[in-house]
Amino acid sequence: MPLKKINTVLAATFILFILWFGTGYILSPETTAAGCGLPGIPAGDAGGFLVVKGIRDVVMALVLGILLVTGHRRALGWALLVESLAAFGDMTTVLTHHGSVATALGVHALTATLMVVNGLLLMRETRAAAAAPATLAPQPA
């Protein structure tokens with residue numbers, strides 16, 4: 001399978017995965033939060049932070065989706081690299097708040113690592129096009 005197709009499938013999978021989780025946090029925050037890895041789920045007005053996380057995830061998915069659909073593959077690679085920091089941040093939050101180590105590593109760290117790999121593969125795929133020197137069309141004499 002060509003690298004471009006692998007990258008497209010991986011990126012589309014991340015987009016759908018992030019969109020699914022984000023939507024879950026918006027529509028059913030308490031249910032979705034149970035799989036986040038934290039030992040406690042915010043209640044009452046504090047539960048609004050779960051919706052904020054959901055909105056963040058949906059927006060991140062939309063950014064990636066727009067870059068994929070419009071064919072901006074190098075920018076998509078950069079966006080995946082940058083957005084992986086959110087997953088690494090989620091992992092760090094779970095670990096520093098005495099949450100599930102298995103979830104921190106098996107969900108958040110794995111997601112972040114795969115996003116980095118996909119981002120680097122996209123950068124590799126587009127490296128030749130980015131490095132190609134611009135050539136000017138011959139001018140009439």
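The protection proxy used here, the mean number of other Cβ atoms lying within 10 Å of each residue, ranks peptides 60-70, 91-101 as follows, highest first: 60-70, 91-101.
In sequence order, region 93-110 has phi-based couplings of 4, 4, 5, 7, 10, 6, x, 6, 5, 4, 6, 4, 7, x, 10, 6, 5, 5 Hz under the Karplus curve 6.51 cos²θ - 1.76 cosθ + 1.60, θ = phi - 60°, and Gly or Pro positions carry x. Listed values for region 42-48 are Karplus-derived 3J(HN,Hα) couplings in whole Hz (6.51 cos²θ - 1.76 cosθ + 1.60, θ = phi - 60°), namely x, 10, x, 5, 5, x, x, and x replaces Gly and Pro. Placing unit charges on each Cβ (+1 for Lys and Arg, -1 for Asp and Glu) gives the chain a dipole about its Cα centre, and among L27, S100, I55 the Cα reaching farthest toward its positive end belongs to I55.
Only alpha carbons enter this Debye calculation for region 1-74, each as an equal point scatterer, and the log10 of I(q)/I(0) it gives at q = 0.12, 0.13, 0.14 Å⁻¹ is -0.41, -0.46, -0.51. Overall, the accessible surface of region 18-112 at a probe of 1.4 angstrom is composed of carbon and sulfur to the extent of 76 percent.
Based on alpha carbons, the Rg and Dmax found for the chain are 18.7, 76 Å. Peptides 115-127, 21-33, ordered by how many other C-beta atoms sit within 10 Å of their residues on average, highest first, read 115-127, 21-33.
The values are calculated or read from the model by the stated rules, or taken from the named source; none is laboratory data. The structure displayed is predicted, hence computed values, not measured ones. Heads up, the Cβs are rebuilt from the backbone with ideal geometry, glycines too, and the neighbour counts pull from every protein chain shown. For the accessible areas, the whole protein counts, side chains as well, though only heavy atoms, and no ligand, DNA or RNA atoms are used. Shrake-Rupley method; radii C 1.70, N 1.55, O 1.52, S 1.80 Å.
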